[in-house]
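Here is the structure we will look at.
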Amino acid sequence: MAKIEFFALGGLDEHGKECYALSINGDIYIINCGVSIPSSVSLGVKKIIPDFAWVNQNKRAIKGIFIGTPSYERFGALEFFYQFIANIPIYTSDVGGVILRTYFDKRARSHNNAPLKLNIKVLEPMRAERIGACSVTPFKISNSMPRSLGFTFTTPEGSIIYIDDFIVSSNKNISFEDEIYQINKITNNRNLMLIVGMGQVGKSVGFTNPNHRISSYFENILIDAPGRVIVGCYDDDVYKILALAQVAASKNRPINIFSNTFVELFNFLREKQYFSTRTINVIDDQQIDQSNNAVVIVTGTPHRLFTKLGKIILDDDPKLHLKDSDTFIFAEATIAGHEKFEADMFDNINRTSVQGVYKLKREIIPVSASNEDHKFLVEMLKPKYIIPVSGLYMNFIDYQKAVVQTGYPRSSIILLDNGQCLSLNNGSIDNVHKIVKLEPQYIGTQGVLDVGASSMFEREQMKENGVILLSLLISKPKKVIEKFNYDVVGVTNLSEENKNIIMNINDECNKLINNLIDEAISKNQLDIKTLKGLIRKIVDKQYEKKFNKKPLVLTTIVFNKDRNQNHAPTNESGQ
């Protein structure tokens, strides 16, 4: 008999921030510890992480973190998780261990502090490990990251299978070998639940394989390229990068990995002979500008890659300078939220004199599960329940539509929101609905930002409409504003005409506020919070009339209580 609970701290009805909690008879297993990156950092938010308050409350029961596909979006919040549970074991592959250590070591160097001491446990595929009271067996899955793992968690009622992303493949390459065909051997065909990432469901209706193959695309460009080839790739798209490296070697072109972090992984893969390296000639950054035919692979996380490429294109990079004979390839599909960055990049590269500019063809899809891959997996495993994760709600609906075509009952596909808990007792769904209250945590340059939805709304308001900083010195005895100051920032351009309009608005606001203060003091109803709200409405309305904008109004009120003006005023309200 097993008591099982599953819910998400992040990763449901959203892209990124994946973090799932699986509880089996009181032992808790955390799967992924991810972040999401806002498409714009103008509100002071660099990334968003899960709410780890629940983790802190239940830390004694947590047995480890499992990271099967070691991409930044799936492990980027580890440093914040470790603030609650230091030295928690992180179970991953050998490649995952290299990526995690490299990232947090480099991060420590860039922040001039000690690296995060990770307790990494490397798992061997197809070898069961006793973790807590549960037997956990990892298995290889084929996706964009080499040596990625899925996991089975054994319970008395059957196994729970977790897969980040996959494709159905017969690839025997040691880096991208696929062992999903052996899952039933691990579980003895007793599959209680499948938890699986959405991949390309709804976007690609067939199998992903062979539409993910990219070698011929690179070959066709490299054959005609007269000089160097500069290629932009996301650093979690390792399949693509290794394919490009091997094509470059076949054309007798040296390669350069233009990345501070990815080069460590590349060297590890070469050392372990996880891909053929005999003919690959790797040059360092100092040799790039001297080479006339190198393939320069520029990598980065999605939010950083455009910044790196932008510096190169605008000749702001100290190591890599474009030549007239260069060819430029952006070898990635467009990501929602990054369209403007991509458009600006292509606009700028086309203003240069490089020989050719290429964007990845739409026919080449990511190494990620399509509709038929998902249907194949379900028909092979026949789990009692399925929980789709890592996607928007519309992706979950697309998944549901695809899977029911196999005859699988719709009622057994469980669609959850973040914090919504699925409970199983003795292998059956418990009708008691449990909700874990979650608040996303926003990360700025100084660490966690203590902001909620209202603060984020105010930041958005400042971005779109500007801000007015209003300071008032109010005389209680006289019931009037003695001094005032309006700082108007970002509302409109400060032409002479607009300056005059602003002066008139401020005068009108003062009249209305004076009337408000006089009435409040006379009735002995001077509540500071209420007064600030009413002042905000007055100012807001006047600026909306003239400029059709609703700026954020931040008010500081100082009261002068004494009739003797030589006495210092008192600040009763603060900011």
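Which condition number in (1) farther than 15 Å from VAL378 by Cα; (2) β-branched (Val, Ile, Thr); (3) in contact with a strand residue (DSSP E or B) (Cβ under 8 Å, 6 or more places away or on another chain) is the one that ILE195 fails?
Only one criterion is unmet by ILE195, namely (1).
What do you reckon, is ILE186 modelled with pLDDT of 95 or more, open to solvent by 10 Å² or more (accessible area, probe 1.4 Å) and within 20 Å of ILE386 (Cβ to Cβ)?
On the way: modelled with pLDDT of 95 or more: yes; open to solvent by 10 Å² or more (accessible area, probe 1.4 Å): yes; within 20 Å of ILE386 (Cβ to Cβ): yes.
Yes; evaluated as a whole, the condition is true for this residue.
For segment 368-418, name all the residues that are part of a loop (DSSP other than H, G, I, E, B), in contact (Cβ under 8 Å) with a residue 24 or more places away in the chain and open to solvent by 20 Å² or more (accessible area, probe 1.4 Å).
Taking segment 368-418 first, the residues part of a loop (DSSP other than H, G, I, E, B) are 368-370, 382-384, 390, 392, 405-409, 414-418.
Subsequent filtering for residues that are in contact (Cβ under 8 Å) with a residue 24 or more places away in the chain retains 368-370, 382-384, 390, 392, 405-406, 408, 414-418.
If the condition is that a residue be part of a loop (DSSP other than H, G, I, E, B), in contact (Cβ under 8 Å) with a residue 24 or more places away in the chain and open to solvent by 20 Å² or more (accessible area, probe 1.4 Å), then LYS382, LYS384, SER390, LEU392, GLN405, THR406, TYR408, ILE414, LEU415, ASP417, ASN418 are the ones that fit.
Considering only segment 178-203, state which residues are among the polar types (S, T, N, Q) and within 22 Å of PHE396 (Cα to Cα).
ASN191, GLN200
Taking only segment 525-552 into account, find how many residues are of a type in the set (A, V, I, L, M), closer than 21 Å to GLU508 by Cα and modelled with pLDDT under 85.
Initial filter on segment 525-552 (of a type in the set (A, V, I, L, M)): 526, 528, 531, 534-535, 538-539, 552.
Now restrict to residues that are closer than 21 Å to GLU508 by Cα: 531, 534-535, 538-539, 552.
Subset that is modelled with pLDDT under 85: 531, 552.
Total meeting the criteria: 2.
Write out, first by first residue and then by second, each pair whose Cβ atoms fall under 8 Å of each other, whose residues are 6+ apart or on separate chains, and whose first residue, in segment 529-546, is in a helix (DSSP H, G or I) while the second is open to solvent by 80 Å² or more (accessible area, probe 1.4 Å).
ASP540/LYS550; TYR543/LYS550; GLU544/LYS550
I need every pair where a residue in segment 283-309 that is within 23 Å of MET345 (Cβ to Cβ) and among the β-branched types (Val, Ile, Thr) has its Cβ under 7 Å from the Cβ of a residue that is open to solvent by 50 Å² or more (accessible area, probe 1.4 Å) and in a helix (DSSP H, G or I), sequence separation at least 6 or different chains.
Note: pairs meeting the criteria are VAL298/LYS308.
Tell me yes or no: at least one residue of segment 199-215 is open to solvent by less than 50 Å² (accessible area, probe 1.4 Å) and touching a strand residue (DSSP E or B) at 6+ places or on another chain (Cβ under 6 Å).
no
Report whether or not VAL298 is crowded, with 19+ Cβ neighbours inside 10 Å, over 26 Å from SER148 (Cβ atoms) and of a type outside the set (S, T, N, Q).
On the way: crowded, with 19+ Cβ neighbours inside 10 Å: yes; over 26 Å from SER148 (Cβ atoms): no; of a type outside the set (S, T, N, Q): yes.
Taking the combined requirement at face value, the residue does not satisfy it.
Residue by residue through segment 313-343, note down the ones that are in contact with a His (Cβ under 8 Å, 6 or more places away or on another chain) and over 30 Å from LEU392 (Cβ atoms).
Hit for segment 313-343 is ASP315, nothing else.
Residues checked against (1) of a type in the set (D, E, K, R); (2) under 29 Å from the mean Cα position of the chain (by Cα); (3) in a strand (DSSP E or B):
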| site | (1), (2), (3) |
| --- | --- |
| SER135 | no, no, yes |
| PHE139 | no, yes, yes |
| PRO146 | no, yes, no |
| THR154 | no, no, yes |
| SER175 | no, yes, no |
| ASP178 | yes, yes, no |
| ASN184 | no, no, no |
| VAL201 | no, yes, no |
| SER204 | no, yes, no |
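Does ARG253 satisfy the criteria of being open to solvent by 70 Å² or more (accessible area, probe 1.4 Å) and either in contact with a strand residue (DSSP E or B) (Cβ under 7 Å, 6 or more places away or on another chain) or not in a helix (DSSP H, G or I) (or both)?
So ARG253 does not fit the description; no.
Would you pick out the residues in segment 125-182 that are out of contact with any helix residue (DSSP H, G or I) (no Cβ under 8 Å at 6 or more places or on another chain), open to solvent by 40 Å² or more (accessible area, probe 1.4 Å) and within 26 Å of ALA243 (Cβ to Cβ)?
Once the filter is applied, which keeps residues that are out of contact with any helix residue (DSSP H, G or I) (no Cβ under 8 Å at 6 or more places or on another chain), open to solvent by 40 Å² or more (accessible area, probe 1.4 Å) and within 26 Å of ALA243 (Cβ to Cβ), segment 125-182 yields SER170, ASN171, LYS172, ASN173, ILE174, GLU177, GLN182.
Out of all the residues in segment 556-573, is one or more in a loop (DSSP other than H, G, I, E, B), open to solvent by less than 40 Å² (accessible area, probe 1.4 Å) and either on the phi > 0 side of the Ramachandran plot or modelled with pLDDT of 80 or more (or both)? Write out each step before concluding.
Taking segment 556-573 first, the residues in a loop (DSSP other than H, G, I, E, B) are 561-569, 571-573.
Checking the rest, the ones that are also open to solvent by less than 40 Å² (accessible area, probe 1.4 Å) come to 573.
Filter once more, so that each one left must be either on the phi > 0 side of the Ramachandran plot or modelled with pLDDT of 80 or more (or both): none.
No, segment 556-573 contains no residue that is in a loop (DSSP other than H, G, I, E, B), open to solvent by less than 40 Å² (accessible area, probe 1.4 Å) and either on the phi > 0 side of the Ramachandran plot or modelled with pLDDT of 80 or more (or both).
Cβ contacts < 6 Å: first residue over 12 Å from PRO146 (Cβ atoms) and modelled with pLDDT of 95 or more, restricted to segment 229-250; second residue small (Gly, Ala, Ser) and open to solvent by less than 10 Å² (accessible area, probe 1.4 Å), any location; separation 6+ or different chain. Result?
Pairs found: VAL231/ALA331; CYS233/ALA331.
Search segment 175-195 for residues that are hydroxyl-bearing (Ser, Thr, Tyr) and pair each with any residue that is open to solvent by 10 Å² or more (accessible area, probe 1.4 Å) when their beta-carbon atoms are under 6 Å apart and the residues are at least 6 apart or on different chains.
Close Cβ pairs (under 6 Å, with a partner that is open to solvent by 10 Å² or more (accessible area, probe 1.4 Å)) amount to SER175/TYR274; SER175/PHE275.
Keeping to segment 312-332, report how many residues are within 21 Å of LEU244 (Cβ to Cβ), of a type outside the set (Asp, Glu) and open to solvent by 20 Å² or more (accessible area, probe 1.4 Å).
4
The values are calculated or read from the model by the stated rules, or taken from the named source; none is laboratory data. The shown structure was predicted, so the numbers you read here are calculated from the model rather than taken from an experiment. No Cβ is skipped: glycine too gets one built from the backbone with ideal geometry, and neighbour counts run over all protein chains shown. Quick note on the areas: whole protein, heavy atoms, side chains included, nothing else; ligands and nucleic acids left out. Shrake-Rupley method; radii C 1.70, N 1.55, O 1.52, S 1.80 Å.
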